[in-house]
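Take a look at the structure set out below.
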């Protein structure tokens, strides 16, 4: 399945714009304020992303003078798995040769409504399937299946790769095609963590500190039976004594404490190589997911990359990333020079001009 077209009405600088996309690589080229970012954001607003950021319609998304906007996406090339995932949302239509094909239409409509109580304004948003915008609402699981991978411009790569809750590295390691899909690997990691924790708790310095706290607690409480403080750490239980939920929680806590870096020498690398590392992790996560819709959105991949690295990166996307649809925006002539005309879409004043054969 791939995103074949995007139609936007009264969305930012788009009065009425229709963009047809390639199944593989799509390179959006144009001057500032041509509509490149707006096109990528239109896709993000309808499909959402698999990052932790919150994406929603704002008042500034409405074209000046408009109180309604609409963004429609059309998907083609659905296989049996896609058909099963979207069974109640599918549309059957004929192509230009009269052949019936299965497609998926998803439309986001938003309107500014005045609230009578305090005369304030609110935005009402709906996401429905079907060509007439009156099909069934998309449920949460369906949108999750369609969520995209998005790399924003001037991203903070080091922070994205640092340890933390729902970090990108923890998602990569926790995917079903990585450690998260192998119960033996999970048990082994938890066992190592438990053993390390037990050694730390048994260390004399830790025991001394705990005893000092216990004595002080006896002096400032009125209980006849004194408290017995316990130092609790991640994975204090043995694996065999853990329930499935406790195992999952312990594994998640372990991988969320890991940080991905370029080496262990302590040297600080520039933003360029940190961004390449981050993009490599994102591509790995996208290819390993195995489920869902493989769409990659990248804004200005040339940010922080010198020309040779730009060309090496785009060459990798062109030659190696089969089965993934990519939409990239750029100002770089280096990237455009490495891509076939079939993959380039010029953006100008809110309109698109694909350079593929037969489209221009």
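Residue 326 passes all but one of (1) surrounded by fewer than 21 Cβ atoms within 10 Å (Cβ to Cβ); (2) assigned by TED's automatic domain parsing to the domain that holds residue 38; (3) at negative phi; which number fails? Against the list (1) surrounded by fewer than 21 Cβ atoms within 10 Å (Cβ to Cβ); (2) assigned by TED's automatic domain parsing to the domain that holds residue 38; (3) at negative phi, residue 326 comes up short only on (1).
Within the range 52-72, is even one residue touching a strand residue (DSSP E or B) at 6+ places or on another chain (Cβ under 7 Å), in contact (Cβ under 8 Å) with a residue 60 or more places away in the chain and closer than 18 Å to residue 149 by Cα? Within the range 52-72, none of the residues are touching a strand residue (DSSP E or B) at 6+ places or on another chain (Cβ under 7 Å), in contact (Cβ under 8 Å) with a residue 60 or more places away in the chain and closer than 18 Å to residue 149 by Cα. Can you tell me which residues in the range 16-36 are surrounded by fewer than 19 Cβ atoms within 10 Å (Cβ to Cβ) and either within 22 Å of the chain's Cα centre (by Cα) or at positive phi (or both)? Answer for the range 16-36, where residues must be surrounded by fewer than 19 Cβ atoms within 10 Å (Cβ to Cβ) and either within 22 Å of the chain's Cα centre (by Cα) or at positive phi (or both): 23, 24, 33. In this entry, residue 310 passes the filter for residues that are surrounded by 13 or more Cβ atoms within 10 Å (Cβ to Cβ), in contact (Cβ under 8 Å) with a residue 24 or more places away in the chain and assigned to a helix (DSSP H, G or I).
Reported count of residues in the range 278-307, each being in a helix (DSSP H, G or I) and either modelled with pLDDT under 75 or within 16 Å of residue 150 (Cα to Cα) (or both), is 11. Among the residues of the range 340-360, the one identified as assigned to a helix (DSSP H, G or I) and surrounded by 16 or more Cβ atoms within 10 Å (Cβ to Cβ) is 343.
The values are calculated or read from the model by the stated rules, or taken from the named source; none is laboratory data. Quantities reported herein were computed from a predicted structural model and do not represent experimental measurements. Cβ coordinates were reconstructed from backbone atoms using ideal geometry, including for glycine residues, and neighbour counts include every protein chain displayed.
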